[in-house]
Amino acid sequence: MIATPQGQSGTRSDGATRALPPLVGRGLEVPLANGELRRYVNLDYAATTPALEAARNAVLELLPFYSSVHRGSGFNSQATTQAYEAARQVVAQFVRARSSDTVIFVRNTTEALNLLARCLTLRPDHAVLTTAVEHHANLLPWRRMASVVHLEPPASPATLIAAVKRALEDRARPVGLVTITAASNVTGEVFPLREIGHLAHMHGALFAVDAAQLAAHRPIDMQALNIDFLALSGHKMYAPFGSGALVAPSAMLRNVEPMLAGGGAVDFVTLDDVQWTALPDRHEAGTPNVLGAVALAAAATELERTGFEHVIAHERRLLTYLETHFDDLPKTTRYTLWEGPSVDRLGIYTFGVSSLAHALVAAALSAEHAVGVRHGCFCAHPYITHLLGITFEQAHLIRERMRRGQHEGIPGAVRVSFGIGTSIDDIDRLVAGLRQLSEQGPRLTYACDPRTGDYAPVDDRRAMPVFDFLPRTEVSAAGAGCGQF
Ligand SMILES: Cc1ncc(COP(=O)(O)O)c(C=O)c1O
């Protein structure tokens with residue numbers, strides 16, 4: 001028997017015809033700083049999506065059988081192994097992988113890209129080509145294995161394609177790998193993957209795509225898009241059970257020493273040598289996250305069953321609605337990479353409110369309106385400093401301040417992001433909150449914690465929920481922030 005949260009429904013409250021699949025926790029009420037309850041408005045999907053009921057149900061269905069995977073001889077071990085390997089097939093099909101590809105289950109996109117950087121050997125004179133708008137997960141791993149060329153934030157998709165072409169034609173600096181985000185996690189633009197992949201292949205380079213943002217919002221066809229390597233995270237596609245995937249040609253992974261050394265990745269070990277095993281286990285040392293993999297597969301299946309055309313139509317409608325209403329708000333500035341009606345954009349909207357710190361805007365939306373957003377630099381520091389007009393020298397001064405633990409007043413922005421569980425009502429709540437903030441400022445008094453740069457109401461009556469699985473100590477919302485920058 002599966003409990004259904006209050007107010008949970010597969011249909012939307014905003015009058016659109018197509019029912020989107022239900023999410024766990026819809027209709028949940030949370031306290032404002034004054035103690036009143038309000039329905040929670042989650043506008044932080046780009047960081048982590050809520051769980052699909054289908055993902056949760058898959059985990060609950062498997063749980064009674066849940067047992068050791070791969071090497072157990074018991075019936076439940078075999079059932080667990082079968083579910084885990086079937087999940088691998090589902091993920092391969094979800095991204096239209098080639099039959100010659102392998103899906104490696106990892107924790108998340110960050111691990112997938114680090115694993116790829118560990119597995120790939122480029123020629124010593126070959127560089128990795130990427131852009132300055134990437135998430136850190138697609139910037140930092142490459143620095144460890146090759147020289148990296150960062151393309152400037154491009155002014156349009158055509159400029160990006162032209163810049164990639166120029167870089168690939170530069171014989172003085174041959175490129176072995178082009179690696180690019182499928183969509184910006186800061187401003188939401190969808191990147192022209194097919195064209196970039198085509199160019200990479202024409203010039204003999206490999207093509208890797210960070211699909212962390214795209215996977216839950218657009219169909220991915222690795223073959224049609226000329227993608228060699230793909231990384232994604234389950235917790236950004238409605239399967240928050242700690243699983244992600246690297247999809248890559250088996251030939252590229254087969255003879256490589258694994259990133260993680262340990263049990264499960266070997267055929268035989270002597271005191272002076274090891275025989276690594278075959279794919280995919282070779283790159284999944286240790287006991288894998290079976291429930292996470294199954295949840296990821298269940299979410300992928302549910303998204304396919306829903307039809308991406310309906311997901312896209314829903315999210316585009318919300319974005320247009322948000323854009324129309326945001327334009328009327330005073331003292332707000334939106335940040336984008338590309339603009340215009342032809343730009344394909346996910347439900348991601350990043351902005352600032354003049355004279356209010358980004359951290360204060362986010363804190364007030366939460367404490368006074370029960371609206372959850374994200375603020376800061378979104379793990380894309382080079383891109384956000386570009387958007388905010390921060391010079392290279394200023395960026396280094398900021399780094400120095402951070403090194404000294406001074407987080408107060410660090411530049412950044414506020415990001416709103418949404419998906420299939422979002423309604424027009426949610427956008428209305430956001431816009432009403434922002435109108436109040438931009439016209440009158442916060443209603444409450446806030447204090448900033450200089451160690452994190454986060455704000456909290458001075459008089460905060462919110463208590464964290466009491467979970468049966470935790471010891472009974474009261475933690476206030478004010479004390480709960482950890483401030484990932
Ligand atoms: C574009 C992009 N790439 C990579 C990541 C890293 O994902 P994860 O934290 O799941 O490893 C994120 C997370 O926000 C992202 O938005």
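Order these peptides, 104-110, 266-272, by their mean beta-carbon neighbour count within 10 angstrom, highest first.
104-110, 266-272
Highest mean first, how do 187-199, 63-75 rank when packing is the count of other Cβ atoms within 10 Å averaged over residues?
Top of the packing list down: 187-199, 63-75.
So what is the 222 nm mean residue ellipticity for the chain from helices alone, if each DSSP H run of at least 4 adds -39500 (n - 2.57) and you divide by all residues, rounding to the nearest 500 deg cm²/dmol?
Here the helix-only value at 222 nm equals -10000 deg cm²/dmol.
Antiparallel DSSP bridges in the chain: what percent, to the nearest 5? Before the final figure, lay out the partial values.
Details: 36 of 55 bridges.
Restricted to the chain, the bridges split so that about 65 percent are antiparallel.
Provide the three semi-axes, in whole Å and in decreasing order, of the ellipsoid equivalent to the chain as defined by the square roots of 5 times the Cα gyration tensor eigenvalues.
Working: eigenvalues 258, 173, 100 Å².
Working from the Cα gyration tensor, I get semi-axes of 36, 29, 22 Å.
Normalised by the residues of region 179-311, what does the relative contact order come to in percent, with Cα pairs under 8 Å and at least six apart?
Once divided by the residue count of region 179-311, the mean separation gives 19 percent.
Which value, in debye to the nearest 20, describes the size of the charge dipole of the chain about its Cα centre when Lys and Arg Cβ atoms bear +1, Asp and Glu Cβ atoms bear -1, and nothing else is charged?
That gives the chain a dipole magnitude of about 280 debye.
Just need the relative contact order of region 284-439 here, percent rounded to a whole number, with Cα pairs under 8 Å and 6+ apart.
Taking the mean separation of contacting Cα pairs over the length of region 284-439, I get 33 percent.
How large are Rg and Dmax for region 113-184 when only the alpha carbon atoms are used, in Å?
Rg and Dmax of region 113-184, Cα atoms, are 11.9, 33 Å.
Does region 261-412 come out rounded, prolate or oblate by the C-alpha gyration tensor, with a ≥ b ≥ c the root eigenvalues, rounded set by a/c under 1.5 and, if not, prolate when a/b is larger than b/c and oblate if not?
Because a/c hits 1.5 or more and a/b fails to exceed b/c, region 261-412 counts as oblate.
Which whole-number percentage describes the relative contact order of region 57-214, with Cα contacts under 8 Å and a sequence gap of 6 or more?
Result for region 57-214 is 17 percent.
In whole Hz and in residue order, list the ³J(HN,Hα) couplings for region 97-113 that follow from phi through the Karplus curve 6.51 cos²θ - 1.76 cosθ + 1.60, θ = phi - 60°; x for Gly and Pro.
For region 97-113, the Karplus curve yields 5, 6, 5, 8, 8, 10, 9, 9, 7, 9, 7, 5, 4, 4, 5, 4, 6 Hz.
Values quoted throughout were computed directly from the atomic coordinates according to the rules given, and no laboratory measurement underlies them. Just so it is clear, the structure is predicted and the values come from calculations on it, not from any experiment. Reconstructed Cβ throughout: ideal geometry from the backbone, glycine too, with neighbour counts over all protein chains shown.
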